[in-house]
Amino acid sequence: MGTIFVAYGGEGRESVLEFAAERARETGDDLHVYHLRELVGESIDVRSEVEAVLDRTAPGVDASVAVESADDDEAGPSTKRRLAEVAADADRDWTYVVMGDVEHGAVEEFVLPSMTEAVLETRAVPVLLVPV
């Protein structure tokens, strides 16, 4: 079996993880849950949140959790680039990437860098988008 990479963060993150966990339970894949802290002082306890979702959704699924913090000077394009690098890491053989597909208005799309677009543009691994 393989490993499903889960980009964990932002709106609907728990729904995205629930979806990935259900797929992993059905296929026997493991999960690698990756969270990039974009905000200085972000207060969520990612590991506890992930464990709670997995206990409720797919107990017994093997999961690793990685949490990285973006530096103050890494805001915007650098953070989306970092997520894309991790998802496209040639040393890891992800079965596919699961991410949330958040709709933004025209102004937000122009101003805010899209993590989803950055990962899709790598074309290194299949990406499954979960509407949130």
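Every number in this text was worked out from the coordinates using simple rules, so none of it is lab data. What you are looking at is a predicted structure, and each value in this text was computed from that prediction instead of being measured. Note: ideal-geometry Cβ built from the backbone for every residue, glycine included; neighbour counts use all protein chains shown.
Quick notes on this structure:
- Note on E26/A52: beta-carbon distance plugged into 1/(1 + (r/R0)^6) with R0 of 22 Å gives a FRET efficiency of 0.60.
- Highest to lowest packing among 3-10, 122-129, 51-58, scored as the average C-beta count within 10 Å: 3-10, 51-58, 122-129
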